[in-house]
Amino acid sequence: RLRPGASGAPRRLRRVRLQCSRAQWRGRSSCCEVVLRRICGYMDPSLVRGAPAGAGRYDGQQDHIGHGAPPHIPSPFETGPKHVAGAADERSRLLDQAMNRFGPGAKPQDKAMHVQTIAAMVIVPWMMFFLVALTLALAPASRLSRGAAWGVAVMCLAFSVLLLQVYFHSRAPIYKYVGGLGVAAVILACVEGSAAYDRYTLQYWMGASRARLKDVSPSLTASGYSNAAALTFTDDAGVDLDRTLGYRGIEAGGTVYCVAPILDTAAAEVNEVRFWAIGKDCCMKTWGFQCGAAQSPTARSGLVYRRVPGARSSEETYQIYLNAVSQACAMYSLRTSEEPIFVSWTEDPEADLGKLFSMAVLSVSVASLVYLIASLALACGLHWLSARPPKDWQRNPRGLDYQGVA
């Protein structure tokens, strides 16, 4: 209850303004209108709870907080007969200014507020996406490292849920949007980081901790070389480019899985293959094997591709190569071991091993860039929808006419 000249009126006015400002976030435009009336200095006492019946507008010589007001100032909320016709248009214009401040008439501080809101909706979720995806993709294969990487993902998810909890108490849309986008960012980052780890980083960390073996003969049994990181074969070993196969199975998903036998003189005589050169999309059906350094006459090394239990991508790829080897053996009348060794034929195994780590970083970087663009577009759309002009029912709340009588 505010009366002219009442003690403590400014303090009460600030309290009421704060309450009305909070109510505005809940869509109570009638309370927003009261705030506009009080800010403009034209509050109608009949709108204030507890005001005497029939109370009208102040006479203009004294405003609602006890200070003198300039007389004869036309009010956009004037209820007199001369101003009723234009009251609706002026009232709508002021509500548009208060609830949607886009456009050429917006003040610089209002435009800065919109920029800051969009920046928060874009940068915070993007930082969580990049951090979680990079951590999950590049963390070493040890249990402690993988547990720490998943702990970062859980912390980012908890922070996003906390923002949603803040929204349920404050009803400020910025917390809802940042929290919701943060949850989506963490989920997508977990998918991308795990995929990059299975495809690239796992093979890198497994190879970095394994031995490099030299003078390996292709005619020897392959059971003792499955745990090696890289193999260097004898001088008489090489890739048989005349008996290659490009496998296109249903499980390959359109990718061509290429295999070619690695033989020396002894292995070629008995047609038994224990080591296979592999690659993807680098050969035709039965010819043109160009995977790695297969066309180089000086190449004698191979980077071992191993099946890692629990890694979905690794197990699926290894099984597809096994199917390709089975088909090649049936076509060329070859024999092979139950678990042959697959290698990427190369001249420098260390350089190829480092490329796996670089490919993981590149995969996360590209995914982060795509997410940043999508997040920017989504944030602008959500912010624009939340700041759209009020509807007709918001401009004229139920129970409140243009004379300002509740």
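For the range 367-389, check the following and say yes or no: at least one residue is at pLDDT 90 or above and within 30 Å of residue 295 (Cα to Cα). No. For beta carbons closer than 8 Å, sequence separation of 6+ or different chains, a first residue in the range 215-233 that is farther than 18 Å from residue 348 by Cα and a second that is assigned to a loop (DSSP other than H, G, I, E, B) and of a type in the set (Gly, Ala, Ser), the qualifying pairs are 217/237; 218/237; 227/211.
This table checks each residue for (1) in a strand (DSSP E or B); (2) of a type outside the set (A, V, I, L, M); (3) under 21 Å from residue 317 (Cα atoms); (4) in contact with a Ser or Thr (Cβ under 8 Å, 6 or more places away or on another chain).
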site	(1), (2), (3), (4)
236	no, yes, no, yes
255	no, yes, yes, no
258	yes, yes, yes, yes
268	no, no, no, no
284	no, no, yes, no
287	no, yes, no, yes
291	no, yes, yes, yes
296	no, yes, no, no
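Only one entry of 187, 262, 174 meets the criterion of being part of a strand (DSSP E or B) and of a type in the set (Val, Ile, Thr), and that entry is 262.
This table checks each residue for (1) more than 20 Å from the chain's Cα centre (by Cα); (2) not polar (S, T, N, Q).
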{"position": "317", "(1), (2)": "yes, no"}
{"position": "360", "(1), (2)": "no, yes"}
{"position": "375", "(1), (2)": "no, no"}
{"position": "380", "(1), (2)": "no, yes"}
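Within this structure, residue 301 fails the test of being closer than 30 Å to residue 186 by Cβ and open to solvent by less than 20 Å² (accessible area, probe 1.4 Å).
The values are calculated or read from the model by the stated rules, or taken from the named source; none is laboratory data. In this text the structure is predicted, and so the values were computed from the model without any measurement. Reconstructed Cβ throughout: ideal geometry from the backbone, glycine too, with neighbour counts over all protein chains shown. Quick note on the areas: whole protein, heavy atoms, side chains included, nothing else; ligands and nucleic acids left out. Shrake-Rupley method; radii C 1.70, N 1.55, O 1.52, S 1.80 Å.
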